[in-house]
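Remarks on the structure that follows.
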Amino acid sequence: MNLSNNKPFFLILIFTLIFAYGKSIAQTSNLRTQTKIMLDSINTDSTIAIKEVLLNSSPQDAYVFCRDSLIGNTPLFVQSSFRNLTLRKNGYDDINILWSDITPGKVILMNYNGKEKEKSFFQKDIFKILTAGIVVLGGTTAYFKLKADNKFEEYEFSGNSNLLDDTRKYDLISGITFTALQINFGLLLYYFLIE
């Protein structure tokens with residue numbers, strides 16, 4: 001290919017690229033100037049209302065309610081549409097807060113009253129222990145029952161009396177763990193009903 005015939009094309013291409021690059025630099029500079037003017041006007045204009053602010057409490061993780069509806073836990077970004085809020089935390093006094101009381105960086109101190117509400121049954125350790133016991137005992141029962149069934153099938157096929165003894169042993173273990181499972185489930189039901 002002979003490039004000497006394409007010189008005008010390349011010159012036009014180069015001038016077009018230079019012109020486009022210069023124009024984009026000018027537009028970027030103009031955009032920066034406009035942005036700076038807007039930011040300066042925002043910083044000097046005190047009439048702009050804050051639409052959202054961070055609500056924080058000490059201790060954190062307090063429930064934030066608006067008219068008996070939970071909207072989140074502290075720290076929480078709260079919109080200006082929430083005018084009257086209530087902070088609640090177990091063992092602390094409830095605090096009613098107006099939107100005007102919330103300022104950026106302010107931490108709401110909650111008063112400890114020393115009275116913690118009693119946990120529900122599902123939050124107590126006994127529920128967790130009994131539930132874990134049910135899972136473990138159920139799995140153990142199923143494991144030994146399946147093992148006993150497999151040994152019995154082997155006994156039927158081979159007629160070996162040792163396999164029948166193994167079947168009885170695994171059935172006994174399965175029965176004991178199933179009884180423990182039932183006792184555990186009964187305790188769980190008992191504690192649930194007395195709450």
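When the stretch 130-149 is filtered for residues that are closer than 19 Å to G186 by Cα and either in contact (Cβ under 8 Å) with a residue 40 or more places away in the chain or buried (at least 17 other Cβ atoms within 10 Å of the Cβ) (or both), the ones remaining, listed by number, are L130, T131, G133, I134, L137, G138, T140, T141. Before we move on, is A180 within 22 Å of L193 (Cα to Cα), part of a helix (DSSP H, G or I), touching a residue at least 12 places away in the same chain (Cβ under 8 Å) and small (G, A, S)? Taking the combined requirement at face value, the residue satisfies it. Checking the structure you have, find out if any residue of the stretch 98-114 is of a type in the set (F, W, Y), assigned to a helix (DSSP H, G or I) and modelled with pLDDT under 95. Taking every residue of the stretch 98-114 in turn, at least one turns out to be of a type in the set (F, W, Y), assigned to a helix (DSSP H, G or I) and modelled with pLDDT under 95.
Looking at this structure, is L188 within 30 Å of the chain's Cα centre (by Cα), at pLDDT 90 or above, surrounded by 11 or more Cβ atoms within 10 Å (Cβ to Cβ) and on the phi < 0 side of the Ramachandran plot?
It is true that L188 is within 30 Å of the chain's Cα centre (by Cα), at pLDDT 90 or above, surrounded by 11 or more Cβ atoms within 10 Å (Cβ to Cβ) and on the phi < 0 side of the Ramachandran plot.
Does K119 satisfy the condition of being of a type in the set (K, R), exposed (fewer than 14 other Cβ atoms within 10 Å of the Cβ) and assigned to a helix (DSSP H, G or I)? In short, no. The residues listed here are D45, D68; of these, the one that is loosely packed, with under 10 Cβ neighbours inside 10 Å and either at pLDDT 75 or above or within 20 Å of the chain's Cα centre (by Cα) (or both) is D68. Take the conditions (1) under 27 Å from T179 (Cα atoms); (2) free of Cβ contacts under 8 Å to residues at least 60 places away in the same chain; F127 misses just one of them, which is (2). For the stretch 150-185, a tally of residues being of a type in the set (D, E) and loosely packed, with under 14 Cβ neighbours inside 10 Å returns 3.
The values are calculated or read from the model by the stated rules, or taken from the named source; none is laboratory data. What you are looking at is a predicted structure, and each value in this text was computed from that prediction instead of being measured. All Cβ positions, even for glycine, are placed from backbone atoms using ideal geometry, and neighbour counts span all protein chains on display.
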